[in-house]
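The values are calculated or read from the model by the stated rules, or taken from the named source; none is laboratory data. Here the structure is a predicted model, which is why all the values come from computation and not from measurement. Because the Cβ atoms are built from the backbone with ideal geometry, glycine has one as well, and the counts that use them run over all protein chains shown. Surface accessibility is based on the protein's heavy atoms, side chains included, excluding ligands, DNA and RNA. Shrake-Rupley method; radii C 1.70, N 1.55, O 1.52, S 1.80 Å.
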Amino acid sequence: MGKLYDMLKKDVRYHESLKACINCGTCSAICPAASFYKYDPLEIIETVQCQDENQLEELLKSDKIWYCGECLSCATRCPRGNTVGLLIMALRKLSQETGLFVESEKGRQQLALKRAIGDNIVRTGYCVYIDTVKPERHPEAGPVWEWIYENRQEVMKRVGANYKGTGTGPLRDIPQETLDEIKKIFDLSGGTELFENIEKFSAQKAAEMGLQFDETTECEYFNEIFTQTKKEHTL
């Protein structure tokens, strides 16, 4: 068994997700993502079970492992108690740890998720924070959101949110002491190291692609992964 498989086997989700597949295809039949994307959960299981290092590497480089919505519908229907969604989580982490995620379009978008959501959690305490959902970055939200965003101080007050206030209530400022605790959780759980890996490997890929890269959401590489798609992912 090769290096990648040795790393994968250290993830508890690998052992919890894959017990005794009988190739019945129930996971593929029930999977919402499989009805939309070019994605087959059973194919993922078969690739992992064959224990071929080259095939595993190609899987970690592919878009396939990023199509799963992690809804775990597979867990509810598998007659043998397998959970492809957990296996996908383990594969994604391994792809991020090894830097192979930058070799696919969907994989490269992990930088956007890290900066748009992950950094928000550490910086503000919120996954999605109203100040960062800028209309020019999210045109799909339409003119109503643009108006809400531009008038968010008044709108949030009207709906009862404690926007940027102290104490309790939605959208309140999270105390620095709490933010420090959140950061410590990321540090101890490996989240900080994973974020650093995503940034490091993304910077290397940006240089390879000849795109400008910095820590903002305005650099060329971020704009490329956030706005461009080959539109070859769906059925």
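Relative to the compact-globule estimate of 2.2 N^0.38 Å, the Cα radius of gyration of region 70-116 comes out at 1.38. From largest to smallest, the equivalent ellipsoid semi-axes obtained for the chain from the alpha-carbon gyration tensor read 35, 21, 20 Å.
Please give the peptides 131-143, 29-41, 8-20, 96-108 ranked by average Cβ packing (other Cβ atoms within 10 Å per residue), highest first, as a rough proxy for protection.
Packing order, densest peptide first, comes out as 96-108, 29-41, 8-20, 131-143.
For the residue pairs K61/K230; K93/K114; K38/K200, the C-alpha atoms sit more than 19 angstrom apart in K38/K200. With pairing defined as another cysteine C-beta under 4.7 Å, the cysteines of the chain that fail it are C21, C24, C31, C50, C68, C71, C78, C127, C219. Comparing L60, L171, L42 in a Gaussian network model of the chain (Cα springs below 10 Å), the most mobile by mean-square fluctuation is L171. Quick one: work out Rg over Rh on the C-alpha atoms of region 1-55, Rh as Kirkwood radius. Across region 1-55, the Cα-based Rg/Rh ratio is 1.00. In the context of the full set of protein chains, region 147-223 has a per residue accessible area of 67 Å² (1.4 Å probe). Against the empirical 2.2 N^0.38 Å (N residues), region 145-201 has a Cα radius of gyration ratio of 1.60.
Distance from the C-alpha centroid of region 139-169 to that of region 171-185: 21 Å, rounded to the whole angstrom.
Region 32-106 and region 213-228 have their alpha-carbon centroids 26 Å apart. Annotation for E224 and Q51: the two label points, set 7 Å from Cα along the Cα-Cβ direction, are 3.9 nm apart.
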